[in-house]
1. Go through (1) assigned to a strand (DSSP E or B); (2) out of contact with any helix residue (DSSP H, G or I) (no Cβ under 8 Å at 6 or more places or on another chain) for Leu59 and report which single condition fails.
2. Within the range 45-55, identify whether any single residue is modelled with pLDDT of 95 or more and in contact with a Cys (Cβ under 8 Å, 6 or more places away or on another chain), and answer yes or no.
3. Sort through Ala19, Ala41 and tell me the only one that's exposed (fewer than 12 other Cβ atoms within 10 Å of the Cβ), farther than 30 Å from Glu106 by Cα and at pLDDT 95 or above.
4. Mind telling me which of the residues Val40, Val87 ends up being farther than 30 Å from Arg132 by Cβ and touching a Ser or Thr at 6+ places or on another chain (Cβ under 8 Å)?
5. So, of the residues in the range 79-92 that are touching a residue at least 40 places away in the same chain (Cβ under 8 Å) and surrounded by 12 or more Cβ atoms within 10 Å (Cβ to Cβ), which turns out to be farthest from Arg62 (Cα to Cα)?
6. Output the residues belonging to the range 22-38 that are surrounded by 14 or more Cβ atoms within 10 Å (Cβ to Cβ) and within 21 Å of Ser95 (Cβ to Cβ).
7. So, of the residues in the range 96-133 that are at positive phi and of a type outside the set (A, V, I, L, M, F, W, C), which turns out to be surrounded by the most Cβ atoms within 10 Å (Cβ to Cβ)?
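The values are calculated or read from the model by the stated rules, or taken from the named source; none is laboratory data. None of the values given here were measured: they were computed from a predicted structure. Here the Cβ positions follow ideal geometry from the backbone for every residue, glycine too, while neighbour counts run over all protein chains shown.
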Amino acid sequence: MTWQAGHEFPAESYVVTRADLVRYAGASGDFNPIHWSDRVATSVGLPGVVAHGMLTLALAGRALTEWVGDPDRVVSFGARFTNPVVVPDDDEGTSIEVGGVVKSVEDGLATVELTVTHDGHKVLGMTRATVRC
């Protein structure tokens with residue numbers, strides 16, 4: 001790949017189901033009931049069960065590493081959690097879309113800005129990575 005400012009990576013889409021939330025809870029140890037109980041989630045003001053923020057970030061990181069081809073090239077990666085990803089209680093789940101663009105290239109490092117959305121709304125803000133070219 002030729003690293004140039006303005007290069008857009010192909011959008012990636014990831015489906016998240018309630019079963020994924022259960023598996024992620026087991027792997028991460030995060031058993032907060034907002035990730036599995038509609039009753040608890042709505043009682044704290046959420047529209048329903050929501051995906052773990054770190055799961056959403058991990059999916060963005062998965063897209064990034066697929067684009068750059070080698071996870072060792074990622075120097076830094078971070079984001080802010082801005083909106084929840086509501087996961088319906090069905091077999092279809094919901095999808096998270098990840099897009100990315102190279103914002104700058106300098107001294108062998110590229111700054112990549114990622115856009116992570118769910119139902120047309122950004123769910124991660126200030127999502128940026130620095131990667132070795």
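1. Looking at each condition in turn, Leu59 falls short on (1).
2. Checked against the condition, which is being modelled with pLDDT of 95 or more and in contact with a Cys (Cβ under 8 Å, 6 or more places away or on another chain), the range 45-55 yields no hits at all.
3. Ala19
4. On inspection, the qualifying residue turns out to be Val87.
5. Here the answer is Pro88.
6. Listed by number, the residues that qualify are Tyr24, Ala25, Ile34, His35, Trp36, Asp38.
7. My answer is Asp119.
One line per residue, one yes/no per condition, for (1) in contact with a Lys or Arg (Cβ under 9 Å, 6 or more places away or on another chain); (2) closer than 21 Å to Thr82 by Cβ; (3) free of Cβ contacts under 8 Å to residues at least 12 places away in the same chain:
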residue: Thr2; (1), (2), (3): no, no, yes
residue: His7; (1), (2), (3): no, no, no
residue: Ala25; (1), (2), (3): no, no, no
residue: Ser28; (1), (2), (3): no, yes, no
residue: Pro33; (1), (2), (3): yes, no, yes
residue: Val44; (1), (2), (3): no, yes, yes
residue: Val50; (1), (2), (3): no, yes, no
residue: Gly53; (1), (2), (3): no, yes, no
